[in-house]
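Input: a single structure, listed below in structure tokens.
Read-outs: derived from the displayed coordinates by stated rules, not from any lab. Since this is a predicted model, take the numbers as computed values, not measurements. Neighbour counts are summed over all protein chains in view; Cβ atoms, including those assigned to glycine, are modelled from backbone coordinates with ideal geometry.
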């Protein structure tokens, strides 16, 4: 039931206890939908009745299991790409109302409802009504692009064409760069072409890839190389593809322990190395706001990249596809 509004101040969540459906990762490769208590917002928070949440590849290690994770996870945990409608607000919230459609930085969004701090919520404009808007990854793409300092006339290699890599192809082409896209999957290379990539290369043989990029750039290699895979081999390949005094941008989420990299090469070529992951929530929010404008203007075109849609009841199947990436898979969304 929607909380009522008064003329004096925004709605305050009632103390009544109600329930919701939420996904709970109970053990590696085991996830189930449970009925749990619906949370009530604190004074500084809003509660969002979620329309959907994207699945992120950063969830895969927790799904598969590692010794440093504990189970069961909290209800809804790992979901951080949610959007929906505010249905209750805390009594200290003044700029958000029940009924506002928003994207938010929240962290238990594999559920029908989630809480977010009011200062970590971005209103979505009417122009995006009815469109999925996983704000966190869209804002992440904008922030990575900003850290990359891509300019017209540069040659940019993007290593790994998943959802993030495809968005970066779109942004780099809009900036006037020449884009070389590299991926293991034929489907991803076709997506890269549709996003505007000038050249595509299969991620197969390390030295042949280097020779192909060398030939495409008259031996100069690339002023900017963005690594999006989160794997050690493509990270080292990305360094090999950088031009002297070029910039290597690490956009892949490296979370499985140490990486061995060729620091001698990085030194010799005088590379700038940028870790493009943001940790400041306000910078994330800046990226989400910029992503809204980019989608409105057609600079970012994510709709065709949402290739797989699942109801919450099928979240186990969704995680399986996230890990195995069947033919045609690019981005999965859970809907409520």
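Relative contact order for the range 92-155: 31 percent, from Cα pairs under 8 Å spaced at least 6 residues apart, divided by residue count. Computed over the chain with a Gaussian network model linking Cα atoms closer than 10 Å, the most mobile of 141, 109, 294 is 294. Given the alternatives [x] 118; [y] 131; [z] 142, volume of the Cα convex hull per residue in Å³ as computed for this entry is given by [y]. A simple spin-label model places the labels of residue 60 and residue 211 2.9 nm from each other, with each point 7 Å out along Cα-to-Cβ.
Any chance you could give the angle, 0 to 90 degrees and rounded to 10, that helix 281-296 forms with the longest Cα principal axis of the chain? The angle comes out at about 80 degrees.
Annotation: peptides 158-168, 59-69, 178-188, 194-204, ranked by per-residue average of other Cβ atoms within 10 Å with the highest first, follow the order 158-168, 178-188, 194-204, 59-69. Summary value for the chain: 17 percent relative contact order, contacts being C-alpha pairs under 8 angstrom separated by 6+ residues.
The ellipsoid that matches the Cα gyration tensor of the range 97-143 has semi-axes, each √(5λ) in whole angstrom, of 16, 15, 11, with the longest given first.
When only Cα pairs below 8 angstrom with a gap of at least 6 residues are kept, the range 138-275 shows a relative contact order of 21 percent. Decide, for the range 177-336, between rounded, prolate and oblate: order the square roots of the alpha carbon gyration tensor eigenvalues as a ≥ b ≥ c, take rounded if a/c falls under 1.5, and otherwise choose prolate if a/b is larger than b/c, else oblate. The shape class here is prolate. Based on Cα atoms of the range 248-330, Rg over Rh with Rh as the Kirkwood radius reads 1.07. Remark on the range 150-234: Rg and Dmax equal 11.5, 30 Å (Cα only). Rounded to the nearest 5, the antiparallel percentage of DSSP beta bridges internal to the chain is 55%.
Put simply, when 212-225, 77-90, 270-283 are sorted by average Cβ atoms within 10 angstrom per residue, most first, you get 77-90, 212-225, 270-283.
Helix 163-174 versus the longest principal axis of the chain: what is the Cα-based angle in degrees, 0 to 90, to the nearest 10? So the inclination is approximately 60 degrees. Computed extension length for residue 71-residue 220: 48.7 nm, one decimal, from 0.36 nm per residue of separation with the Cα-Cα distance subtracted.
Principal-axis analysis of the Cα atoms of the chain puts helix 315-324 at an angle of about 10° to the longest axis. Neighbour counting of Cβ atoms within 10 Å sorts the residues 335, 324, fewest neighbours leading, into 324, 335. Shape descriptor for the range 230-275: Rg over Rh equals 0.94 (Cα atoms; Rh from the Kirkwood inverse mean 1/r).
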